[in-house]
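A.B. asks: Take a look at the following structure, please.
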Amino acid sequence: MSALTKSFTLASRRVFSRSIRQHSSVTTELMENMDKKSAWDRFYSETSSRSPNFKNFEWFFGFDAVQDFITPFLQTASLSRRPVQVLDMGCGTSALGPSIYRDSTLPVRVTCADISPVAVRLMREHVRANPVRPRNASSQMEFLELDCTQLDSHYGPSSLDLIVDKGTTDALLRSKEGAEKAASVLRQCLKVLRRSGSLLQFSDEDPDARLVWLETAAQGQGLAAADVGVQEVGVLRGVCYYCYQVTAHHDVNK
């Protein structure tokens, strides 16, 4: 493990601990097993049992904080004159995906996917009881149980326009086999994205570490290179967050 990865792991652990501490007694288990379905199932089961009323659990921040980062990518993808295919990867019980579906004036097909069947069930039940009304009548939304480390087993090459990752890669990098799993997920994301598509990672990791990791991890069979950029989201609750954009160059000779 590199010095940069070690530094990120420690910083990430502090941030996730702050996020979880007030919500669950399974903090230690989850922090050590953030790549395991069983740990997330227990987390969402416990947090949902604490109150009879459903409440979205947001990692880092909600949709309002990043809406202005996401909307331009929806507009660019819409030039193809078809519904914009959006994946909220590792959605948990966040309102991010439903908010994209609700607020987009353009037709979108939003898939909210998570490894935890408990989280997926909770979201389906919540939306069934409290329907989300999209601004565009042609928009669609679905909730899907999906392990992001097996993304390319569900999606074919060049099938998505936008993948939103709010803390999912950070969670993988916290696990024991994190660096390898996170790199595999990144390469799978770039393969299932269309040429004009992008992956947006929202993270608190410093650009000096994340940009180098993204550029290195993106290399793989079928990918010649990737454009990587970063914008500062801002400081929320004393932590500075960033939006990392990754766009693939598909090598047509492979």
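A.B. asks: Against the conditions (1) open to solvent by 50 Å² or more (accessible area, probe 1.4 Å); (2) under 21 Å from Thr47 (Cα atoms), where does Asp114 fall short? Just the number, please.
C.D. replies: Answer for Asp114: the failing condition is (1).
A.B. asks: Could you tell me which numbered condition Thr76 fails, if it satisfies all but one of (1) in a helix (DSSP H, G or I); (2) among the hydroxyl-bearing types (Ser, Thr, Tyr); (3) free of Cβ contacts under 8 Å to residues at least 60 places away in the same chain?
C.D. replies: Only one criterion is unmet by Thr76, namely (3).
A.B. asks: From Arg194, Arg187, grab the single residue that is assigned to a strand (DSSP E or B), open to solvent by 10 Å² or more (accessible area, probe 1.4 Å) and either modelled with pLDDT of 90 or more or under 22 Å from Asp114 (Cα atoms) (or both).
C.D. replies: Going through Arg194, Arg187 in turn, just one is assigned to a strand (DSSP E or B), open to solvent by 10 Å² or more (accessible area, probe 1.4 Å) and either modelled with pLDDT of 90 or more or under 22 Å from Asp114 (Cα atoms) (or both): Arg194.
A.B. asks: So, one more: Could you count how many residues in the stretch 35-79 are among the acidic types (Asp, Glu) and under 16 Å from the mean Cα position of the chain (by Cα)?
C.D. replies: Selection size over the stretch 35-79: 3.
Residues are listed down the side, and each one gets a yes or a no for (1) more than 14 Å from the chain's Cα centre (by Cα); (2) under 21 Å from Met123 (Cα atoms):
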| position | (1), (2) |
| --- | --- |
| Ser139 | yes, yes |
| Leu144 | no, yes |
| Asp147 | no, yes |
| Tyr155 | yes, no |
| Ser159 | yes, no |
| Val164 | no, yes |
| Ala171 | no, yes |
| Val185 | no, no |
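A.B. asks: Tell me which residues, restricted to the stretch 237-249, are open to solvent by 50 Å² or more (accessible area, probe 1.4 Å), over 16 Å from Thr169 (Cα atoms) and part of a strand (DSSP E or B).
C.D. replies: Hit for the stretch 237-249 is His249, nothing else.
A.B. asks: What are the residue pairs meeting all of these: first residue in the stretch 198-220, first residue closer than 23 Å to Leu96 by Cα and outside any strand (DSSP E or B), second residue among the acidic types (Asp, Glu) and open to solvent by less than 10 Å² (accessible area, probe 1.4 Å), Cβ atoms under 9 Å, and 6 or more apart or on different chains?
C.D. replies: What qualifies is Asp204/Asp170; Glu205/Asp170.
The values are calculated or read from the model by the stated rules, or taken from the named source; none is laboratory data. Remember, predicted model here, so these are calculated numbers, not experimental data. Cβ coordinates were reconstructed from backbone atoms using ideal geometry, including for glycine residues, and neighbour counts include every protein chain displayed. What goes into the accessible areas is simple: the full protein's heavy atoms, side chains included, and nothing from ligands, DNA or RNA. Shrake-Rupley method; radii C 1.70, N 1.55, O 1.52, S 1.80 Å.
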